[in-house]
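Notes follow the structure.
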Amino acid sequence: MSTVESSTKYIFVTGGVTSSLGKGIISASLAKLLQARGYTATIQKLDPYINIDPGTLNPYEHGECYVTEDGAETDLDLGHYERFLNVPTSQANNVTTGRIYQSVIEKERRGDYLGETVQVIPHITDEIKHCIKLLGEGNKYDFVITEIGGTVGDIESLPYVEAIRQLRWELGNRCVVIHLTLVPYLAAAKELKTKPTQHSVKTMQEYGVQPDILVCRTERHLNEGIRSKIALFCNVSKEAVIESIDTDSIYKVPLLMKEEKLDLQVLKKTKMSPNCMPDLHKWELFLNRLQNPKSTVKIALVGKYVELMDAYKSIIESLIHAGTSNECKVDLKMVHSEHLEKPDGLQLLDDVSGVLVAPGFGERGIEGKIKAIEYARTNNIPFFGICLGMQCASIEFARNVLKLNDAHSTEVMPDSPHPIIDIMEEQKKIDLKGGTMRLGAYKCELEEGSKVAAIYHTPEISERHRHRYEFNTHYLKAFEENDMKASGKNPDTGLVEIIELESHPWFVGVQFHPEYKSTVAEPHPLFVNFVKAAMEFNASKK
Ligand code: GLN
C-alpha cells in the first residue's frame, strides 16, 4: 500500500448512462462552492483516448482545443474550470490514455521495469494514480477533483475506474466518488425512470467502486419517492442523491448545486468542516446581470465550424461575460464563412452590429472570412479578428487597400507573390504535427496611445497563443503608412501580435487567443470593449 504525505482530498467524478451529462460543469460548480467556502481546489480531466492531447483532433470530433498558460493543448472542460474558478490550469490538469501509455513505454525503454512484464495492471493504473496524486503534492490544494471522461462501462474507461478503486482503498475517506447519471422522463408513462441509474451504479459496483454521491441529470424535479428509490437501490443515503435539473445557463449550476447541498455532502464524506456559508456574492451579481440585460446587440461569429457550438466554446463564453459586463445580451449570429462566399452571401451580415472572425486552419471558408472583414472595414462595423481572423484582416488590407494582388498566407498559397502571413522562422524545421505550434503565454508590448493600450490600461500584457504563421514584417511599413498600425508586439522577437485600424471606430486583430483568459470574475477587456463598440454602432443605426 503506498503512502501519500499530503492531506489533500480526492474527488472523482464519473459518468454513466450517456455522455454529455455535464460532468465538467458539475466538477467546476463543486470546485466553485468549495472555493467559496475558503478551500483551495483544482480540477483535472482524464480522457480515455489514445491521442497524446486533443491538439490534432478536428473540432467536429472533440470541440475546441483549450490552451493553458504553460502551452498545453487540452480538453475544453479546462476552459470551464478556469472560467468558474479564475485560477489557471496547466498540463497536469489534462491527461489522456495516450500520454499515460507514452510515459509507461518511455519508462520501459529506459529500463525502469527491467525484468518485469509491463501490464495494464499495475503499470498503467499506477501511472494514472501518479498523475492524479501529482496535483495533490505539497498540499497545494485542499481538494483535487478528477473528472473521468467517457462513460463507465466503456472498455477504454476500465483502467481509470480500477485506479479509482485502488486509490479509494489506499486513501479511505480522503476520497469521494461522485457518479453522474441520467434520470429520463418518459412522456408515454408520464414518469421519471430510475432504471438506467440503477444499472449504471451496478456497473460501477461490478468494478468494485461504490459511488458515494449520485448526481442525477433530469428534465423534471426528483420527488422524495424517486430520491428514496434511487438511494435504496444504489446503496447511497437519500441526502447523497443530488438533482441536476436542466437549466438555460451553465452559470446557474453552482447555485443549483448549493441548494442541493452537493458541497456539504462532499465535506461530510471527507470529514472536512463546512467553514462558513459559501460566499457567492459576486457570482450572484454576475448571474443577476446576465439574466436582466438592459439591451441586446447582434454580433456575427464568422467561422467554418458554426454548426457546432463547442468548436468556439471559449469565444462564445467570453462574449457572454462581456455582454454581462455591459448589461447587454449578445445575440450571437453564427455565420458560416463558406456561405459568405456565395454572390449574395454578405446579406448575412446586414443585421449585425459587430463581426468577430474566428481562429482556424486551412483553406476552407477563408475567402468568406476575408469578405466579411472587407464589409466590416468599409462599413465602419466593429471588427474583432482572432488568430486566423487577424491574419485574414491583414490579407484583406493588403489586397484591397495596398492593392497587392494575390496577397495571401503561405499556409493557403505557398507561392503567393505577397506572403503577408508567413510561416514563423522556428516553425520551418518542424515536421511533427502534435504539440509543435507556438503555444502558451507570451508577453506583448502595447504601443503608447493605441486603442488597445487604452483598453488594457497597461503597457505590457501576456496572452496565450496557438499558431504556426505570423504577420510578415516586411509589409509593416506599407501597412502603417496606410493607417493599419501594429499596436502590439512581442518584446523579445518583434513579432506583430496586434493590428488596429486607426481611422475605424473599432477594428482590432490579435494573433493570440484572448478568449482563453476571460472568466466570470474577470471578463476579458478586449471582448468587453468590442461588445461596447457594437452597442454604440447599434445605437448609431437607429
Ligand atoms: N492557421 C493559422 C496559423 O497556424 C491560425 C491558427 C489559429 O487561428 N489558431 O498560424
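The values are calculated or read from the model by the stated rules, or taken from the named source; none is laboratory data. Computed from a prediction, not measured in an experiment: that's the story for all the values here. Virtual Cβ from ideal backbone geometry, glycine too; neighbours counted across all protein chains shown.
In segment 326-365, of all residues being within 16 Å of the ligand (Cβ to nearest atom) and either basic (Lys, Arg) or free of Cβ contacts under 8 Å to residues at least 40 places away in the same chain (or both), the one that is surrounded by the most Cβ atoms within 10 Å (Cβ to Cβ) corresponds to Ser337.
Among the residues of segment 273-314, those that are over 26 Å from Phe383 (Cα atoms) and among the aliphatic types (A, V, I, L, M) comprise Met277, Leu280, Leu285, Leu287. Selection over segment 372-403 of residues that are more than 16 Å from the ligand (Cβ to nearest atom), buried (at least 20 other Cβ atoms within 10 Å of the Cβ) and without any contact (Cβ under 8 Å) to a residue 40 or more places away in the chain gives a count of 1.
To keep it simple, each residue is scored yes or no on (1) touching a Lys or Arg at 6+ places or on another chain (Cβ under 7 Å); (2) more than 23 Å from Ser518 (Cα to Cα).
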residue: Ile366; (1), (2): no, yes
residue: Ile370; (1), (2): no, yes
residue: Ile386; (1), (2): no, no
residue: Met390; (1), (2): no, no
residue: Ser416; (1), (2): no, yes
residue: Lys428; (1), (2): no, yes
residue: Gly434; (1), (2): no, yes
residue: Leu439; (1), (2): yes, no
residue: Gly449; (1), (2): no, yes
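Annotation: of all residues in segment 149-181 being over 22 Å from His130 (Cβ atoms) and not aliphatic (A, V, I, L, M), the one that is surrounded by the most Cβ atoms within 10 Å (Cβ to Cβ) is Thr181. For segment 491-542, filtering for residues that are away from the ligand (no atom under 16 Å from the Cβ) and either within 25 Å of the chain's Cα centre (by Cα) or not aromatic (Phe, Trp, Tyr) (or both) leaves 32. Has segment 310-325 got at least one residue that is more than 22 Å from the chain's Cα centre (by Cα), in contact (Cβ under 8 Å) with a residue 24 or more places away in the chain and under 22 Å from Pro505 (Cα atoms)? No, because not a single residue in segment 310-325 is more than 22 Å from the chain's Cα centre (by Cα), in contact (Cβ under 8 Å) with a residue 24 or more places away in the chain and under 22 Å from Pro505 (Cα atoms). State whether the residues of segment 390-401 include one that is part of a loop (DSSP other than H, G, I, E, B) and within 17 Å of Phe479 (Cα to Cα). Yes, that holds for at least one residue. Which one is nearest to the chain's Cα centre (by Cα) among residues in segment 476-490 that are assigned to a loop (DSSP other than H, G, I, E, B) and away from the ligand (no atom under 16 Å from the Cβ)? So, considering only residues that are assigned to a loop (DSSP other than H, G, I, E, B) and away from the ligand (no atom under 16 Å from the Cβ), the one nearest to the chain's Cα centre (by Cα) is Asp483.
Exactly one of (1) crowded, with 24+ Cβ neighbours inside 10 Å; (2) part of a loop (DSSP other than H, G, I, E, B) is unmet by Thr519. Its number? Every listed condition holds for Thr519 apart from (1).
The residue that is farthest from the chain's Cα centre (by Cα), counting only those in segment 172-186 that are farther than 18 Å from Phe12 by Cα and either modelled with pLDDT under 95 or of a type outside the set (Val, Ile, Thr) (or both), is Leu186.
Let's see how each residue does on (1) under 27 Å from the mean Cα position of the chain (by Cα); (2) assigned to a loop (DSSP other than H, G, I, E, B); (3) hydroxyl-bearing (Ser, Thr, Tyr); (4) within 16 Å of the ligand (Cβ to nearest atom):
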residue	(1), (2), (3), (4)
Pro414	no, yes, no, yes
Ile420	no, no, no, yes
Gly435	yes, yes, no, yes
Gly440	yes, no, no, yes
Glu445	yes, no, no, no
Gly449	no, yes, no, no
Val452	yes, no, no, no
His465	yes, no, no, yes
His474	no, no, no, no
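Scanning segment 182-201 for residues that are surrounded by 13 or more Cβ atoms within 10 Å (Cβ to Cβ) and among the charged types (D, E, K, R) gives a single hit, Lys193.
Of all the criteria given as (1) farther than 27 Å from Lys268 by Cβ; (2) among the acidic types (Asp, Glu); (3) out of contact with any helix residue (DSSP H, G or I) (no Cβ under 8 Å at 6 or more places or on another chain), the one not satisfied by Glu156 is (3). Taking each residue of segment 406-430 that is exposed (fewer than 15 other Cβ atoms within 10 Å of the Cβ) and looking for partners that are part of a loop (DSSP other than H, G, I, E, B) and of a type in the set (Val, Ile, Thr) with beta-carbon atoms closer than 8 Å, six or more apart or interchain, yields Ile430/Thr436.
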